[in-house]
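The values are calculated or read from the model by the stated rules, or taken from the named source; none is laboratory data. These figures come from a predicted structure and were not determined experimentally. Quick reminder, even Gly has a Cβ in these numbers, built from the backbone with ideal geometry, and neighbours come from all protein chains shown. Remember, those area values only see protein heavy atoms, side chains included, never the ligands or the DNA or RNA. Shrake-Rupley method; radii C 1.70, N 1.55, O 1.52, S 1.80 Å.
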Amino acid sequence: MDRLPDRARIVIVGGGVIGCSIAYHLTRLGVSDVLLIEKDALTAGTTWHAAGLITSAGFHDETSLWMCRYSRDLYARLEQETGHATGFRPVGHLSIAKTAARMETLVRERDFQVGFGVPNQIVTPAQIAELFPLAKVDDLIGGSYVADEGRADPVGVATSLAKGARMGGARIAEGVRVTGFLNDGRRITGVQTDAGEVQAESVVLAAGLWTRQLARKAGVDVPLQAAEHYYLLTEPMPGVHGDLPIIEDLDCYGYFREEGGGMLVGLFEPQAAAWHPQQAPEDFAFGTIPADWERMTPFLEHAMQRIPSLAEAGIKTLFCGPESFTADAAPLLGPAPEVEGLWVAAGLNSVGILLGGGVGSVMASWIVDGICPVDNAGYTIERALPHECSLRFRRERIVEQLGVLFGDGTYPTFHQHTARGIRRSALHETWKSAGAHFAVSAGWEFVEWFRPASAPEQPVPWTWKRDFWSPWVAQEHRVIREGVGALDMSLMSKFLVQGPDAGMILDRLSANAVVGSVGQVTYTQWCNERGGIEADLTVTRLADEAFLVIVSDVCHRRVERMLRQQVGPGIFATITDMTAAWCLLSIQGPRSRELLQRVSPDDLSEEAFGYLTSREIEVGYSRVRALRVTYVGELGFELLIPTDQAVSTWEVLADAGADLGFRPVGLAAMHGLRLEKGYRDYGVDIDVTDTPVSAGLSFAVAWDKPADFIGKQALLQARADRSQRLVCLRLDDPEPLLYGGEAVQRNGAWVGYLQVGGFGHSIGSSVGLAAVGNADGVTADWLASGGFEVIVNGEAYPATLQFAPFYDPDRSRVR
């Protein structure tokens, strides 16, 4: 390109596989006014040295699975369209297991994937030996094999996508560096480059490991960090040929494939090393990192035991190149919450080729339509937090992320170990002294369960089974069902919306009628124009012009963005983040009113303080905001306590409730309690691809309220479609445990899967919420007709499905 254009509808920054894929898919949607800017040459960052694995291994959610399978299919056909080869070869992909826990992971993954058409099959050690004769198999339990997956040429993929984008009208400028951004207030309106300015409606940052430092120039946090990533290349070896399948040994953090007649041994070691945490060098292109043989030799030796003949192979090189990783080893995609007009597609965690086609398709549709076409809860950049960009956080977290990506993070008991203790409840030390076991969500330390004083501390294994904590969780469950307990929910996000137009803003966002009487608490969803759920929350009217929004921690930045987008010229409202100002202590159980009445002079009777209302009350020395709500299906009160008074308020409650068996309860118990009641959890069992209708939440839609709300017309149309529903599910027997992702069959045919699962100690079996479909309608009669089974670790277990919760379906216990 001789010179940059003065403007383009969409500017993409970064010429790796992600930037090229977004450009290609935008042109497929009819958007030809696209300019891709690359500071060096296409693929010069990390794309050129990628291993090019094409596999669905490790993916057990619908979005990831769709993106990797779409990418596979795209790379298989792209050469016919563009004339440029992608190098895709379906040589097959093997994942192997030498522990029972790892094998169960592979079987559960297979059970999920086959419902979406993936030809995933379980194989024995003998079959693994037939497929990959060089592999040592005598220590294996088995594995999984997908015959139509394999490998591609990363440069070929990116170049073919770039050629397709050019064929569709996109322009590509290489050797041009973006140095800053143009803006009009909070809106990004273009880019500054060393070759001039370019105006744009939208700017997309797909600059790989440079995205974090580039985004900071726009005031945007993109918390990713580059790590050293290694693979060993050998001289040609006997028995190695181009038709060998890819083989991954997750327990040794290694993968193996043919390269030039020799073996490529890739590593995702469990203790990784950061690369330039201060700032990645701007002039690094087609570069390599000097290999640290001393650090890597133990990992290599461990991995190479899987292929014994590697011990005699000649070594060509130990290659090391940078790859960027995120705080949770998932990509960062979507509109930046801090500004308008800026999009991010970065942090691909070494799977950019594998997911590249799918990411490009999703981003293009999202940019053009303004609505994400897939469940983005685990991918949206809105889940990222500013503290994750700090140098110390990135240095500490990156150490474990390669291992997390390569299988450590697949177990239900997994939590990150590094960069912990950053966000803490005001009662954190109180819980710690009481034996709390902490997990982490959105940087918040929350209590999973409490260890009895007589029990020794011990590490939590990565497992699918019950373990030492299970009886403690069961006891905490019974505390709530039979007496009274306290759940620290301080991690919930809290926003004050105030001003003359506060009610109007919230009524437009909310599907339910939220502008009721002062003191009213309303459960509602916020939807997009297609009716998809963007947030699931409560709105409390505190005064004529003051409202309180409480929402899950994972939706914090999305909800804040949605609120601020409503405040335009002529709109008078303020939004204040109150999350850190209040400790949220949820007092739940049939004796909760009795406990609170002991420490409060206020009338807390049903007549004076009814369900779904709020008021200020005294608790001991303090004045607190109380809400009559529950997330466990019992009589309960949520207390918003000023942070500086949280400890003293807890002491008052603990002293008053000693004879009632009052005690703190962890969120592991809450999980089972809420599933017995069928309560939904955004980002876990409902997401942007669900509507209030399909999610079974039509009761929370005010169809006839005077004000129109976003998504109303789409929801009116959706009411007639009964083909998909989220329903309550219970196993008919006490075993096994459910976690989510398990396939649901009816009369032997796949009809859906569990979005979430847990154990219901009150009903004595596993329960969950299942997304099921039936062309003739998911009706009460169809559910009651039976024949349902859940596939758990390869075995079928009878199950009962219904719309109503299995515990207290008439809601008598909440009042």
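Scanning region 31-45 for residues that are among the hydroxyl-bearing types (S, T, Y) and crowded, with 23+ Cβ neighbours inside 10 Å gives a single hit, T43.
When the residues of region 293-304 are filtered to those that are in contact with a strand residue (DSSP E or B) (Cβ under 9 Å, 6 or more places away or on another chain) and open to solvent by 60 Å² or more (accessible area, probe 1.4 Å), the one that is farthest from P223 (Cα to Cα) is H302.
Conditions (1) open to solvent by 60 Å² or more (accessible area, probe 1.4 Å); (2) farther than 27 Å from Q498 by Cα, marked per residue:
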position: W582; (1), (2): no, no
position: Q588; (1), (2): no, yes
position: P601; (1), (2): yes, yes
position: T613; (1), (2): no, no
position: V619; (1), (2): no, no
position: R623; (1), (2): yes, no
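Just one of the listed residues (F468, F406) is open to solvent by less than 30 Å² (accessible area, probe 1.4 Å) and aromatic (F, W, Y), and it is F406. Scanning region 654-689 for residues that are of a type in the set (D, E, K, R), under 28 Å from Q597 (Cβ atoms) and either open to solvent by less than 20 Å² (accessible area, probe 1.4 Å) or assigned to a strand (DSSP E or B) (or both) returns R663, R674, E676, K677. Residue check: is G208 under 21 Å from V137 (Cβ atoms), small (G, A, S) and surrounded by 23 or more Cβ atoms within 10 Å (Cβ to Cβ)? Criteria not met by G208. Just for region 519-564: of the residues that are under 16 Å from the mean Cα position of the chain (by Cα) and hydrophobic (A, V, I, L, M, F, W, C), which one is most open to solvent (accessible area, probe 1.4 Å)? Result: V554. For L738, the conditions (1) farther than 30 Å from G435 by Cα; (2) touching a Ser or Thr at 6+ places or on another chain (Cβ under 9 Å); (3) buried (at least 23 other Cβ atoms within 10 Å of the Cβ) all hold with the exception of (1). The set of residues from region 236-249 being assigned to a loop (DSSP other than H, G, I, E, B) and surrounded by 13 or more Cβ atoms within 10 Å (Cβ to Cβ) comprises P236, M237, V240, L244, P245.
Residue by residue, here is whether (1) under 30 Å from the mean Cα position of the chain (by Cα); (2) of a type in the set (D, E, K, R) holds:
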| site | (1), (2) |
| --- | --- |
| E79 | no, yes |
| G87 | no, no |
| E109 | yes, yes |
| A126 | no, no |
| A135 | no, no |
| G143 | yes, no |
| D148 | yes, yes |
| A152 | yes, no |
| L161 | yes, no |
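A residue that is in contact (Cβ under 8 Å) with a residue 60 or more places away in the chain, outside any strand (DSSP E or B), open to solvent by less than 20 Å² (accessible area, probe 1.4 Å) and charged (D, E, K, R) cannot be found anywhere in region 728-735.
Looking at region 371-400, I want the residues that are touching a residue at least 24 places away in the same chain (Cβ under 8 Å) and in a helix (DSSP H, G or I) and have a partner that is among the acidic types (D, E) and open to solvent by 20 Å² or more (accessible area, probe 1.4 Å) with Cβ atoms under 7 Å, at least 6 apart or on another chain. Which pairs are those? Hits for this filter: P386/D221; C389/D221. Take the residues in region 250-278 that are aromatic (F, W, Y) and open to solvent by less than 10 Å² (accessible area, probe 1.4 Å); name whichever of them is nearest to the chain's Cα centre (by Cα). The qualifying residue nearest to the chain's Cα centre (by Cα) is Y255. For P281, the conditions (1) open to solvent by less than 50 Å² (accessible area, probe 1.4 Å); (2) assigned to a loop (DSSP other than H, G, I, E, B); (3) under 23 Å from V404 (Cβ atoms) all hold with the exception of (3). Taken over region 472-509, the criterion of being in a helix (DSSP H, G or I) and of a type in the set (D, E, K, R) is satisfied by E476, R478, R481, E482, D507, R508.
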